[in-house]
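Here's the structure, in structure tokens; my notes come after.
The values are calculated or read from the model by the stated rules, or taken from the named source; none is laboratory data. Since the model is a prediction, treat every value here as computed from it, not as a measurement. With ideal geometry, Cβ positions are generated from the backbone for all residues, glycine too; neighbour counts draw on all protein chains shown. Just the protein is used for accessible areas: all its heavy atoms, side chains included, with ligands, DNA and RNA removed. Shrake-Rupley method; radii C 1.70, N 1.55, O 1.52, S 1.80 Å.
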Amino acid sequence: MKDLMKLLAVLLFTVTAATAANAQTLKFGHIDLQGLIQVMPERTAAEEEFNKFQAELEEILGDMQNQLQTKYAEFEQLGADASEIKKNAKVAEVQDIQQRIQNYQVTAQQQLQQKQGELLQPVFDKAEKAIEEVAKEKGLIYVFDAGVANRTILYKSNQSLDLLPLVKAKLGIQ
């Protein structure tokens, strides 16, 4: 809240100083960045590639879980006459596979996050570049993200320019 108040104070000071310096109208814009990303075809392609990567990781995990079930079944099939050494060896095999599965799940989650970032960063970069170009064309001094996930804007005037349709047009999105 303190940061918001500081931001508002700085913004008010900037607006006042700029208005006094050159009596021109300051222009602000807003856009729903997530809304823009959702309609970009590049996001769909990135999502498809991500889902394919995720499916590959899940397939490997499935194979590991099948190995675990097999080893566990082998342990259960040991008869009462099986030696402690044989039982302990099967228990160790089961525990080893369980540990590998846990390690794999952690690594796979990290890989998924990294892959998601790699795939979506170019989409965000393209969107931000288009927003910047439209803002410069329209002479805006600030563009705020007015999306659902970003609720720091407490008031939006009708004079604030909604850039979503303009940026979509710039990107060739209908």
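Looking only at the range 94-108, decide whether some residue is closer than 30 Å to Phe50 by Cβ and among the small types (Gly, Ala, Ser). Give the steps one after another, and end with the answer.
Of the residues in the range 94-108, the ones closer than 30 Å to Phe50 by Cβ are 97-108.
Those left that are additionally among the small types (Gly, Ala, Ser): 108.
Within the range 94-108 (the criterion being closer than 30 Å to Phe50 by Cβ and among the small types (Gly, Ala, Ser)), the answer is yes, since at least one residue qualifies.
Can you find a residue in the range 38-48 that is in contact (Cβ under 8 Å) with a residue 60 or more places away in the chain, touching a Lys or Arg at 6+ places or on another chain (Cβ under 8 Å), assigned to a helix (DSSP H, G or I) and not aromatic (Phe, Trp, Tyr)?
Yes, some residue in the range 38-48 is in contact (Cβ under 8 Å) with a residue 60 or more places away in the chain, touching a Lys or Arg at 6+ places or on another chain (Cβ under 8 Å), assigned to a helix (DSSP H, G or I) and not aromatic (Phe, Trp, Tyr).
Residues of the range 8-34 being within 30 Å of Ala169 (Cβ to Cβ), at pLDDT below 90 and in a helix (DSSP H, G or I), which ones?
Leu11, Thr14, Val15, Ala18
With the checklist (1) surrounded by 12 or more Cβ atoms within 10 Å (Cβ to Cβ); (2) modelled with pLDDT of 85 or more in hand, flag the one item Glu48 doesn't pass.
Condition (1) is where Glu48 drops out.
Where residues in the range 124-140 are touching a residue at least 60 places away in the same chain (Cβ under 8 Å) and among the basic types (Lys, Arg), which of them is nearest to Ser160 (Cα to Cα)?
Lys138
Test of understanding: among Ala108, Ala89, Ala149, Ala80, which residue is modelled with pLDDT under 95 and either of a type in the set (Ser, Thr, Tyr) or part of a helix (DSSP H, G or I) (or both)? Let's see the steps before the verdict.
Values: Ala108 fails: modelled with pLDDT under 95; Ala149 fails: either of a type in the set (Ser, Thr, Tyr) or part of a helix (DSSP H, G or I) (or both); Ala80 fails: either of a type in the set (Ser, Thr, Tyr) or part of a helix (DSSP H, G or I) (or both).
So the residue among Ala108, Ala89, Ala149, Ala80 that is modelled with pLDDT under 95 and either of a type in the set (Ser, Thr, Tyr) or part of a helix (DSSP H, G or I) (or both) is Ala89.
Looking for something closer than 15 Å to Gly35 by Cα, part of a helix (DSSP H, G or I) and modelled with pLDDT of 90 or more - is there at least one such residue anywhere in the range 154-166?
Let us first name the residues in the range 154-166 that are closer than 15 Å to Gly35 by Cα, namely 162-166.
Applying the additional criterion that residues be part of a helix (DSSP H, G or I) yields 164-166.
Next, only the ones that are modelled with pLDDT of 90 or more stay: none.
No; the residues of the range 154-166 include none that is closer than 15 Å to Gly35 by Cα, part of a helix (DSSP H, G or I) and modelled with pLDDT of 90 or more.
Answer yes if at least one residue in the range 69-89 is out of contact with any strand residue (DSSP E or B) (no Cβ under 8 Å at 6 or more places or on another chain), closer than 30 Å to Phe53 by Cα and open to solvent by 90 Å² or more (accessible area, probe 1.4 Å), and no otherwise.
First pass over the range 69-89, keeping only residues out of contact with any strand residue (DSSP E or B) (no Cβ under 8 Å at 6 or more places or on another chain): 69-89.
Next, only the ones that are closer than 30 Å to Phe53 by Cα stay: 69-72.
If we keep only those that are open to solvent by 90 Å² or more (accessible area, probe 1.4 Å) too, we end up with 69, 72.
Checked against the condition, which is being out of contact with any strand residue (DSSP E or B) (no Cβ under 8 Å at 6 or more places or on another chain), closer than 30 Å to Phe53 by Cα and open to solvent by 90 Å² or more (accessible area, probe 1.4 Å), the range 69-89 yields at least one hit.
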